[in-house]
Amino acid sequence: MTKVYKLKQLNDKKKTEVNYSAELNEEQYKVVSGAEGPCLVLAGAGSGKTRTICYRVAYLLEHGIRPQNILLLTFTNKASKEMLSRVEELLKSHPGGLWGGTFHHVANRVLRKYAKKINYESNFNILDSSDSKDLLKACIKDLGLDPKQRRIPSPNVIKDIISYHINSQKSLKDVISMRQPQWLDWLGKIEDIHQLYIKRKQRNNLMDFDDLLFFLLKLLENNPNIKKSLATQFQYILVDEYQDTNYLQASIVKHLASVHNNILVVGDDAQSIYAFRAADIGNILNFPRLFPSAQTFKLETNYRSTPDILEVANDIISNNVKQFPKDLKSVLDRHVKPQLIPCTTPKQEAEFIASMILQMRDEGLLLDKMAVLFRATHHSQTLEMELNKRDIPYDYRGGLRFFERAHIKDIVAFLKILNNIKDEISWLRILNMQIGIGSITADNIVNMIRESGVKEVKKVLDLNIASSLGIKASLGWDNLSKVLQAVISVEDKDKTSDIIRAIIKSDYRDYLISQHTDAAQRLDDLEQLAMYADSYDDLNKFVDEVTLQEGFGVKKGQVDPGDEKKLILTTVHQAKGLEWESVFIMNMVESGFPNQRALTEAGGLEEERRLFYVAATRAQKQLYLTYPLIGGFDSSFNQMSQLILELDQKKLERGSIENVYDGDDMVIQVDEDGNRGSILPEIDDL
């Protein structure tokens with residue numbers, strides 16, 4: 001029978017250092033003082049989750065639980081250090097001996113002690129991401145699968161497939177079918193690579209990050225005495241962000257809680273947005289079923305956002321079926337309703353956002369108190385251009401600025417040699433991405449082109465360069481020649497968008513797919529670049545404009561010398577856990593948010609709603625939802641996002657550009673139901 005460990009009763013004469021009932025709200029205090037046995041804490045956005053966990057740890061320590069009998073599991077080292085620091089501050093002493101850290105940190109600590117049980121030595125080394133890819137590259141070579149001879153999945157792609165397979169415990173076939181279906185024909189070879197990768201790690205006493213979790217679970221499953229020893233030691237287990245756990249992590253927690261049954265998991269199913277990392281929302285949704293005696297607590301008092309914003313947030317998530325219903329309530333006064341702003345085009349959407357940011361800055365709101373959120377990285381391109389033009393400094397979270405991304409630079413390199421065949425730097429870039437062509441061969445080819453004296457790219461293809469190359473390099477040159485042929489086949493050489501789309505359809509597409517796990521997203525970026533190029537009919541001007549954009553990122557103090565504050569641009573995924581006074585969520589159209597690829601996956605629409613919920617709850621006082629009425633290279637009409645159409649429209653304030661935007665003359669009519677009305681002739685962009 002499962003034992004529930006009971007807290008020691010404090011001596012009547014002894015008082016705790018912390019006045020828990022006075023320093024916590026009622027919801028938090030119930031968790032801190034009464035979370036015995038298995039407990040699920042549903043912590044809504046901005047409800048003081050971290051505060052509650054820290055006070056619970058302090059409460060346990062003050063009630064006689066020894067630090068070494070407490071296990072606190074987090075997802076980042078930063079979160080762990082912050083929590084332990086706050087506990088120390090509460091108790092005025094360091095909780096030495098307390099087991100706190102990430103799942104991987106704790107797994108590493110345990111496996112060092114019991115390494116021989118899993119056929120490892122205790123001094124095993126841990127491979128970082130780069131080391132793992134290098135070892136996979138060696139395995140590919142050992143199996144005779146030479147990536148220099150043809151396009152095969154890169155070590156980066158194979159590592160992503162294997163990692164998801166391990167963390168989700170789904171079969172390799174299912175993982176490839178779901179995530180990288182273009183490599184299904186490679187299933188057998190990927191299985192061979194994986195098995196050799198496992199053997200090479202074992203032989204060299206190496207583990208990667210996934211192995212730490214995998215082997216800890218195997219250790220617990222296959223060694224009852226070790227499992228009992230650890231589970232006996234950890235009288236209380238607390239897990240942060242439980243909605244983000246994968247199969248391995250949830251299984252590990254269950255084993256470690258098997259003796260005392262004191263497991264407190266804290267999370268919010270409404271903020272489960274990492275399915276692409278193998279996080280399983282089922283872990284938190286099924287917790288009461290897994291632990292039938294579990295208590296459920298709800299933290300619904302929000303200290304971050306105004307009631308106006310929370311009403312919309314509650315409405316967003318209410319449409320999900322698989323969830324624990326929650327009703328966030330604000331402690332703040334009402335302010336203004338979230339604003340829904342239709343714009344004519346992506347360009348005018350960017351102009352509106354930039355104008356509002358400058359207006360709010362002039363009214364005294366610092367730039368770093370504002371953020372613009374988007375569903376996918378390529379949605380920010382037009383806005384970045386506008387911010388650069390207006391000298392508004394910004395930090396980009398969740399990746400590189402648009403024009404700093406490798407695949408954008410690749411396309412620009414092709415355009416640059418078309419514009420100026422003498423550009424050796426651009427030649428070297430596109431040569432070095434070809435199979436079989438290394439730096440020395442690339443230099444030789446550049447010298448041949450320069451010495452030939454040709455002045456047009458199409459003449460380069462007549463030089464018979466392949467005859468002077470080795471077998472592998474000639475294959476690479478053949479691939480590049482196909483891309484160059486696609487480029488020069490475009491009739492109007494100043495129609496930059498046509499050139500970009502020709503490259504996208506060429507062998508370069510296969511290169512992206514073979515090299516990158518996020519190839520689909522990169523292709524979206526390139527289409528966005530082509531859409532931007534539609535307004536240019538001069539290749540030289542476009543290359544100049546893009547080059548200036550590349551250089552903008554290193555400029556300092558664009559708005560005000562001495563003002564180091566910067567606007568935040570971020571994907572929704574990267575924004576989780578953060579907050580700003582004013583938040584813009586842009587490109588709220590059916591083809592943008594929700595993400596169309598996500599909708600093809602099981603549970604995809606519900607995860608898109610959770611993403612929208614996370615985005616909305618980042619805002620403290622002001623929330624703007626914007627979308628362009630017209631978009632795409634064919635100037636097609638956009639449909640407003642279904643995520644907005646699902647909402648109670650009375651909770652939104654409908655704006656029109658003519659009222660809030662001091663730019664080009666335009667008039668937009670939107671009816672009471674939020675449908676697009678007539679667009680009057682005053683809009684020049686049409």
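Scan region 441-460 and give yes if some residue there is of a type outside the set (Ser, Thr, Tyr), under 34 Å from the mean Cα position of the chain (by Cα) and in a loop (DSSP other than H, G, I, E, B), otherwise no. No, there is no match, as no residue in region 441-460 is of a type outside the set (Ser, Thr, Tyr), under 34 Å from the mean Cα position of the chain (by Cα) and in a loop (DSSP other than H, G, I, E, B).
Restricted to region 210-302, the set of strands (runs of 3 or more DSSP E) holding at least 2 residues that are in contact (Cβ under 8 Å) with a residue 40 or more places away in the chain, surrounded by 23 or more Cβ atoms within 10 Å (Cβ to Cβ) and not polar (S, T, N, Q) comprises 236-239, 263-267. What residue, of 474, 468, 452, 489, is over 25 Å from residue 151 (Cβ atoms), out of contact with any strand residue (DSSP E or B) (no Cβ under 9 Å at 6 or more places or on another chain), among the polar types (S, T, N, Q) and open to solvent by less than 80 Å² (accessible area, probe 1.4 Å)? Being over 25 Å from residue 151 (Cβ atoms), out of contact with any strand residue (DSSP E or B) (no Cβ under 9 Å at 6 or more places or on another chain), among the polar types (S, T, N, Q) and open to solvent by less than 80 Å² (accessible area, probe 1.4 Å) holds for just one of 474, 468, 452, 489, which is 452. Taken over region 454-485, residues that are over 18 Å from residue 423 (Cα atoms) and among the charged types (D, E, K, R) amount to 4.
Taking region 516-619 as the region of interest, the helices (runs of 4 or more DSSP H) fully inside it that hold 1 or more residues being open to solvent by 10 Å² or more (accessible area, probe 1.4 Å), touching a strand residue (DSSP E or B) at 6+ places or on another chain (Cβ under 9 Å) and at pLDDT 85 or above are 572-575.
Evaluated against (1) without any contact (Cβ under 8 Å) to a residue 24 or more places away in the chain; (2) in contact with a Leu (Cβ under 9 Å, 6 or more places away or on another chain), residue 63 falls short on exactly one condition, (1).
For region 101-127, which positions are at positive phi and surrounded by fewer than 18 Cβ atoms within 10 Å (Cβ to Cβ)?
Restricting attention to region 101-127, the residues satisfying the condition of being at positive phi are 101, 119.
Matches in region 101-127: 119 only.
For region 119-129, the criterion of being of a type in the set (D, E, K, R) and modelled with pLDDT of 85 or more is met by at least one residue. What about residue 78, is it without any contact (Cβ under 8 Å) to a residue 24 or more places away in the chain and within 23 Å of the chain's Cα centre (by Cα)? Against the criterion (without any contact (Cβ under 8 Å) to a residue 24 or more places away in the chain and within 23 Å of the chain's Cα centre (by Cα)), residue 78 qualifies. Take the conditions (1) closer than 22 Å to residue 53 by Cβ; (2) out of contact with any strand residue (DSSP E or B) (no Cβ under 7 Å at 6 or more places or on another chain); residue 83 misses just one of them, which is (2). A residue that is basic (Lys, Arg), within 16 Å of residue 206 (Cα to Cα) and open to solvent by 70 Å² or more (accessible area, probe 1.4 Å) cannot be found anywhere in region 139-153. Flag: residue 32 does not match the condition of being touching a Phe, Trp or Tyr at 6+ places or on another chain (Cβ under 9 Å) and at pLDDT below 90. Open to solvent by less than 60 Å² (accessible area, probe 1.4 Å) and touching a strand residue (DSSP E or B) at 6+ places or on another chain (Cβ under 8 Å): which single residue out of 98, 136 fits that description? Matching residue, one of 98, 136: 98. Scanning region 102-126 for residues that are under 24 Å from residue 224 (Cα atoms), of a type outside the set (A, V, I, L, M) and within 33 Å of the chain's Cα centre (by Cα) yields 102, 103, 104, 105, 108, 109, 112, 124. Taken over region 90-118, the criterion of being closer than 24 Å to residue 245 by Cβ and free of Cβ contacts under 8 Å to residues at least 24 places away in the same chain is satisfied by 109, 112, 113.
Under the condition of being assigned to a helix (DSSP H, G or I) and open to solvent by 30 Å² or more (accessible area, probe 1.4 Å), the residues counted in region 492-515 number 8. Going by the conditions given, is residue 176 part of a helix (DSSP H, G or I) and either touching a strand residue (DSSP E or B) at 6+ places or on another chain (Cβ under 9 Å) or within 19 Å of residue 144 (Cβ to Cβ) (or both)? Spelling it out, it is not the case that residue 176 is part of a helix (DSSP H, G or I) and either touching a strand residue (DSSP E or B) at 6+ places or on another chain (Cβ under 9 Å) or within 19 Å of residue 144 (Cβ to Cβ) (or both).
In region 656-674, is there at least one residue being part of a loop (DSSP other than H, G, I, E, B), at pLDDT below 95 and out of contact with any helix residue (DSSP H, G or I) (no Cβ under 9 Å at 6 or more places or on another chain)? Yes, some residue in region 656-674 is part of a loop (DSSP other than H, G, I, E, B), at pLDDT below 95 and out of contact with any helix residue (DSSP H, G or I) (no Cβ under 9 Å at 6 or more places or on another chain). A search for C-beta distances below 8 Å between a residue of region 380-396 that is within 15 Å of residue 532 (Cα to Cα) and open to solvent by 10 Å² or more (accessible area, probe 1.4 Å) and any residue that is part of a helix (DSSP H, G or I) and of a type in the set (Asp, Glu), counting only pairs 6+ apart in sequence or on different chains, returns 382/349; 386/351.
Selection over region 397-433 of residues that are among the charged types (D, E, K, R), part of a helix (DSSP H, G or I) and open to solvent by 20 Å² or more (accessible area, probe 1.4 Å) gives a count of 5. Taken over region 192-209, the criterion of being open to solvent by less than 50 Å² (accessible area, probe 1.4 Å) and part of a loop (DSSP other than H, G, I, E, B) is satisfied by 205, 208.
The values are calculated or read from the model by the stated rules, or taken from the named source; none is laboratory data. Not measured: the values here are computed from a predicted model. All Cβ positions, glycine included, derive from the backbone under ideal geometry; neighbour counts span all protein chains shown. Calculation scope for accessible area: heavy atoms of the full protein, side chains included, ligands and nucleic acids excluded. Shrake-Rupley method; radii C 1.70, N 1.55, O 1.52, S 1.80 Å.
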